[in-house]
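Contents: one structure, followed by commentary.
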């Protein structure tokens, strides 16, 4: 009788222990379920955050690519601007050289303009000096090959085939000499010309000798009238430079002439300084 009771008590105790353990395990399971749910929520949050970070990372990558494209574009622009700057610097150097050249050229042109104006004024003064003789028809003042020339017809100076000045011719040359001698700093050359009618005498074998003799006669007369001899010379051109045809007496008369050339100052001509340097270096 006692034994079945003990067995029943043992079973009862075992059942109590099992229930207690079960309850404890259930509680523990519930705790674990709660923790698992929390972990799952945490995982979901992390995954959500991770997805957000992934999206943000993609946005950042896209922004980075966009910035890289901007940098690439800026580098291209910098390269182009650098090339443009180099070209502008080169152009600036060329322009500065051009400006220097233009300034030099303008200065040279201004110098030539001043010289041209001076020559014009000199020609006007020459015309004024000889105004009375020009109006009297005794001579002409003109420009020949860029030189100022006083022209006198030989028919009023010399007889046919002669190099001896007539009385009126001597008076005219004396007056001309006085006017020319008063021009400071100028030299003169007397040139004799004839028409194409040949001459062949013992004194003048050809027109060269006749034209030369007439030029020398004029030079001597001018020196006698006060022209410094170092300022004057003579030349003969015979019939080589006619100013008109030789088809008539009238045109041939135009070719028989004495020209007194105002010798230009060669030191003012372009290249004169270079020529001086070449000469001094020999």
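Here, each number is a calculation from the coordinates, and none is a lab measurement. Note that the structure is predicted; figures quoted are calculated from it, not measured. Every residue, glycine as well, gets a Cβ built from its backbone with ideal geometry; the counts of neighbours run over all protein chains shown.
Measure nothing fancy, just the Cα-based angle from helix 167-181's long axis to the longest principal axis of the chain, in degrees from 0 to 90, nearest 10.
Compared with the principal axis, the helix lies near 30 degrees.
Calculate the translational D of the chain in whole µm² s⁻¹ from Stokes-Einstein, where the hydrodynamic radius comes from the Kirkwood formula applied to all Cα pairs, the temperature is 20 °C and the viscosity 1.002 mPa s.
Numbers: Rh = 29.4 Å.
So the translational diffusion coefficient is about 73 µm²/s.
Any idea how far apart residue 97 and residue 35 come out in nm if each label point goes 7 Å out from Cα toward Cβ?
Taking the two extended label points, one gets 8.9 nm.
Taking 0.36 nm per residue of separation and subtracting the Cα-Cα distance, what length does fully extending residue 203 through residue 78 add?
Numbers: separation 125, 0.36 × 125 = 45.00 nm, distance 9.18 nm.
Contour length minus the Cα-Cα distance gives 35.8 nm.
How far apart, in nm, are two points set 7 Å out from the Cα along the Cα-to-Cβ line at residue 111 and at residue 5?
Inter-label distance under the simple model: 15.4 nm.
List, largest first, the extents of the alpha carbons of the stretch 118-268 along their principal axes, each in whole Å.
43, 33, 31
Give me 25, 222 sorted ascending by neighbouring Cβ count inside 10 Å, so fewest comes first.
The most exposed by this proxy come first: 25, 222.
Using a Gaussian network model of the chain whose springs link C-alpha atoms within less than 10 Å, name the residue from 46, 157, 95 with the highest mean-square fluctuation.
Between 46, 157, 95, it is 46 that shows the largest mean-square fluctuation.
So how many Å³ per residue does the convex hull of the Cα atoms of the stretch 151-224 work out to?
Numbers: hull volume 6.4 nm³, N = 74.
It is 87 Å³ per residue.
Just to confirm my numbers, what's the Cα centroid distance between the stretch 40-69 and the stretch 179-238 in Å?
113
Would you kindly state how much longer the chain becomes between residue 240 and residue 50 on full extension, computed as 0.36 nm times their sequence separation minus their alpha carbon distance, in nm to one decimal?
Answer, rounded to one decimal: 57.1 nm.
For the chain, take the longest principal axis of its alpha carbons; what is the angle in degrees between that and the long axis of helix 207-224, to the nearest 10 within 0 to 90?
In the chain, helix 207-224 runs at an angle near 90 degrees to the longest axis.
Relative contact order for the stretch 118-268 using alpha-carbon pairs under 8 Å, separation at least 6, rounded to a whole percent?
30
Which of these, 245, 59, 37, has the largest mean-square fluctuation under a Gaussian network model of the chain (Cα springs below 10 Å)?
37
Can you tell me the relative contact order of the chain? Whole percent, Cα pairs under 8 Å, sequence separation 6 or more. Could you put the intermediate results ahead of the total?
On the way: 249 pairs, mean separation 45.3, N = 282.
Reported as a whole number, the value is 16 percent.
Could you line up 193, 204 from fewest to most neighbouring Cβ atoms inside 10 Å?
Ordered from fewest to most neighbouring Cβ atoms within 10 Å, 193, 204 come out as 204, 193.
Could you work out how far helix 2-129 tilts from the main Cα principal axis of the chain, as a 0 to 90 degree angle to the nearest 10?
0
Given springs between every Cα pair under 10 Å in a Gaussian network model of the chain, which of 97, 66, 153 has the largest fluctuation?
Of 97, 66, 153, the most mobile in the Gaussian network model is 66.
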